[in-house]
Amino acid sequence: MIYLDNAATSFPKPSEVYRAMDEFFRERAANPGRAGYRLSMEAEREIEMTRKALAEFFGARDTQRLVFTLNATDAINMAIKGLLKPGDHVITTYLEHNAVTRPLNSLEKQGVITISRVRPSPQGFIGPGDIEKAVTPKTRLIAIVHASNVLGTVQPLRAIGQLARERDLIFLIDAAQSAGLWPINVEEQCIDLLAFTGHKALFGPPGTGGLYVSERVELRPWREGGTGVDSQNPVQPKEMPYRLEGGTPNFVGLVGLKAGVEFVSRMGIHNIQRHGQGLIHHLFHCLEDDKRFILYGPPSTENRSPILSLNINGMEPQVVGTILDESFGIAVRSGLHCAPGTHRETGSFPQGTLRISTGFFNTEDDIAQVALALKEIASSERVTA
Amino acid sequence: MKTERYLRQILFQPIGHEGQERLGKALAVVVGCGAIGSTAASLLARAGIGYLRVIDRDILEESNLQRQELFDEEDLKEGLPKALTAEKKLQRVNSTVRIEGINADLNPGNAEILLKDAQVILDCTDNFETRLLINDYALKSQTPWIYSACLGSQALLMNILPGKSLCLRCLINSIPFPGTLPTCETAGILAPAAKVIASLQVTEALKILTGHQEALISGLLDIDLWKGTFQIMDTQTVRSLTCPACQKGEYEFLNAKSFSLTTTLCGSNAVQITPGGSSARNGSKIDLSALSQRLQSLPDITDVSQSPYLLKFSCRDKSLGARDTMSLNWVIFPDGRALLFGTKDPTLARTLYSQYIGI
């Protein structure tokens with residue numbers, strides 16, 4: 001089986017991720033921070049080491065301001081619902097995943113906030129100038145996706161971040177697709193809220209993720225409960241990370257996430273990126289001159305994650321996806337990818353696209369095979385149509 | 001209890017006053033309200049059963065009227081789910097029976113709720129997947145059930161008594177591979193054959209509910225009305241000592257492991273069906289050419305085309321009635337998977353899949 005759905009979740013994981021989780025879960029998985037005994041302290045230490053590793057990875061000076069969440073969706077909800085107040089105006093884009101779109105839309109629908117949505121270029125890039133034009137005196141937040149999960153296009157964070165800082169706006173990044181693939185530095189890119197997931201390019205297990213919250217922001221906790229510290233306090237403590245981290249965390253998963261982040265650091269983010277871009281470049285090269293294919297997004301791999309969305313003329317992406325799975329043993333995602341706005345902008349709504357997303361463990365041979373399979377499927381359709 | 005109403009049945013000695021009284025407190029569930037189910041439900045209501053639950057997932061169609069006796073042309077105009085129309089009709093037949101018409105597709109998620117407390121389950125379905133689900137529930141809850149089937153002029157019946165007889169999985173082990181068996185849609189059905197088997201099925205149900213298990217037909221009854229043949233196959237020799245369901249207690253259809261998966265596709269107006277059953281995982285393939293030939297002979301089917309990877313055809317969404325017909329487009333893959341474009345309704349997709357491809 002050739003797995004090419006790494007934008008949904010990376011698979012397989014580096015073997016050290018499985019090993020670290022198995023060893024920890026079997027030998028040392030006591031509840032962290034809830035008791036003074038040795039095992040518990042050790043679990044607590046693992047969590048703090050993961051926190052430290054991630055804070056460093058994202059260039060965050062204050063480790064305690066990085067809180068753990070279930071995934072990027074959880075982190076984004078925590079940020080949006082913990083920050084916005086009645087009357088606030090938010091700037092976002094048409095490239096967003098539903099993880100950003102839906103929480104914002106529901107607040108808009110309830111009459112709490114107003115939203116301006118910035119359109120991308122036909123290739124899928126957001127212009128900082130367009131963001132600037134949307135700013136109003138009421139604007140509080142700019143919420144944008146770093147790398148599009150449909151097109152792979154990567155947005156200029158630093159330029160938008162600086163703009164946000166100049167105007168004293170809060171800058172929220174959905175880094176679900178980019179964390180582990182693209183350099184992120186919350187200081188240099190002026191990011192106030194960084195939401196990421198553990199199970200994609202950071203190679204952790206599902207059920208892990210996090211939110212970095214800069215000193216400029218104080219969030220209302222939307223999940224309250226036991227913290228293992230300050231238990232006499234009748235309400236959620238003010239201190240980070242406890243303010244946003246009620247309940248037993250997925251500490252077994254976090255041990256895996258730490259191993260994943262260490263893997264990324266060891267391999268080097270640029271090497272991982274170059275590998276993925278090489279593969280997508282190869283696929284692009286195989287298909288770009290074939291008129292039976294519609295390729296979405298920019299024609300190069302510059303500022304692009306290893307994602308290629310495409311369609312075969314006259315075929316439903318779900319049909320192509322099923323044939324790839326059944327007759328060729330190739331796993332890809334087909335449909336709307338939870339980002340209907342992007343599909344509208346690129347003319348692939350409502351049928352969606354076939355999305356090929358490579359990972360670190362894919363090879364040139366995998367790409368050659370998927371290209372061949374796609375051409376064969378396109379030919380078979382012509383005969384019978 | 002009104003003796004007068006049921007006098008002729010009470011006079012029948014094996015039932016008597018005692019049997020009638022037991023019947024008046026009993027709950028039977030009829031799964032599927034088609035040719036067999038509508039007759040069976042009607043007979044049970046007339047017999048004075050206490051509680052009757054009728055489960056069906058479909059909307060009435062014109063082609064149902066040829067054989068489904070609970071329904072008429074007025075019902076067709078109303079366009080209601082068959083389960084609800086059946087409830088109304090049955091209540092008119094016998095107002096003393098507590099009747100529940102349930103418009104639902106029996107599946108692993110609801111089976112234990114919808115079949116709960118049944119003292120007998122009458123299988124009046126058109127597919128093996130639902131039958132194996134009933135089989136699992138019946139074994140788990142020790143509920144007797146009666147398998148029935150009808151195709152062309154042939155009809156089949158078998159009593160399944162958990163712990164006493166073989167079970168349906170002993171007989172067929174797993175679901176026949178999709179597209180391999182004829183269905184009512186492809187082979188037709190003679191209404192009298194359905195009536196005969198429904199009558200026999202209700203007779204068996206009455207034996208169970210009045211405490212006369214000794215009188216039950218043992219084995220698989222096989223009738224052909226056209227040929228005029230009537231035979232009982234001895235099933236004791238077929239009983240499997242390695243049957244996962246009745247010997248090992250592995251209820252793979254009830255716990256959803258082997259049940260088909262029906263999902264509405266994100267965005268597109270389409271439903272995907274992934275057949276369950278162990279056969280689907282053994283690399284078996286549908287003979288797309290044979291299926292294509294069978295479908296091409298049907299009046300409802302248009303635009304049949306085939307490639308090495310798939311079979312496409314269109315059918316009408318008959319649930320909307322004759323006045324407003326929508327075309328539904330099927331794509332069938334060799335491993336039995338299917339995509340149905342033109343609807344977001346998983347139940348409709350399952351109904352049509354079992355009608356045209358068979359499950």
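General observations
- Shape class of region B:7-238 from the Cα gyration tensor (axes a ≥ b ≥ c, square roots of the eigenvalues): rounded, since a/c falls below 1.5.
- Chymotrypsin sites (Phe, Trp or Tyr not before Pro) restricted to DSSP loop in region A:171-234 with at most 16 other C-beta within 10 Å: A:222
- Acute angle (nearest 10 degrees) that the helix A:317-328 long axis makes with the longest principal axis of chain A, alpha-carbon atoms: 80
- Highest-fluctuation residue, A:172, A:295, A:279 considered, GNM on chain A with Cα pairs under 10 Å: A:295
- Label positions at residue A:223 and residue B:2, each projected 7 Å from the Cα along the C-beta direction, are separated by 6.2 nm.
- Within 10 Å of each Cβ in A:322-330, the average number of Cβ atoms from other chains: 4
- Entry note, chain B: relative contact order of 16 percent, from Cα contacts under 8 Å with a spacing of 6+ residues.
- Residue-averaged 222 nm ellipticity for the protein assembly as shown, from DSSP H runs of 4+ at -39500 (n - 2.57), nearest 500: -11000 deg cm²/dmol
- Each residue, residue A:31 and residue A:119, gets one label point 7 Å from its Cα in the Cβ direction; the gap between the two is 5.4 nm.
- Each peptide in B:29-39, A:112-122, B:334-344 receives the mean, over its residues, of other Cβ atoms within 10 Å, and ordering these scores from highest gives B:29-39, B:334-344, A:112-122.
- Gyration tensor (alpha-carbon) shape descriptor, region A:199-254, a/c threshold 1.5: oblate
- Percent RCO, i.e. relative contact order, over chain A, from Cα pairs under 8 Å lying at least 6 residues apart: 23
- Acute angle (nearest 10 degrees) that the helix B:346-356 long axis makes with the longest principal axis of chain B, alpha-carbon atoms: 90
- Charge dipole (the protein assembly as shown, unit charges on Cβ, about Cα centre) - positive-most of A:24, B:9, A:135: B:9
- Highest mobility in the GNM of chain B, judged by mean-square fluctuation with C-alpha springs under 10 Å and restricted to B:80, B:44, B:166, is found for B:80.
- By the rule of a C-alpha distance below 22 Å, with chain neighbours fewer than 8 residues away ignored, the lysines paired with residue B:257 are B:116, B:140, B:248, B:285.
- Net +/- balance of residues flanking residue A:72 in space, Cβ distance below 10 Å, scoring K and R +1, D and E -1: -1
- For region B:87-184, applying the loop criterion from DSSP together with a ceiling of 14 other beta carbons within 10 Å to the GluC sites (Glu not before Pro) yields no site.
- Against chain A, whose longest principal axis is taken from its Cα atoms, helix A:98-109 shows a tilt of about 70°.
- Among B:69, B:18, B:61, the residue with the largest mean-square fluctuation in a Gaussian network model of chain B, with springs joining Cα atoms closer than 10 Å, is B:18.
- Gyration tensor (alpha-carbon) shape descriptor, chain A, a/c threshold 1.5: oblate
- Rough spin-label spacing in nm, given labels placed 7 Å along Cα→Cβ, for residue A:235 and residue B:74: 6.5
Just so you know, all these numbers are worked out from the coordinates, no wet-lab data involved. Source: prediction; values computed, not measured. Virtual Cβ from ideal backbone geometry, glycine too; neighbours counted across all protein chains shown.
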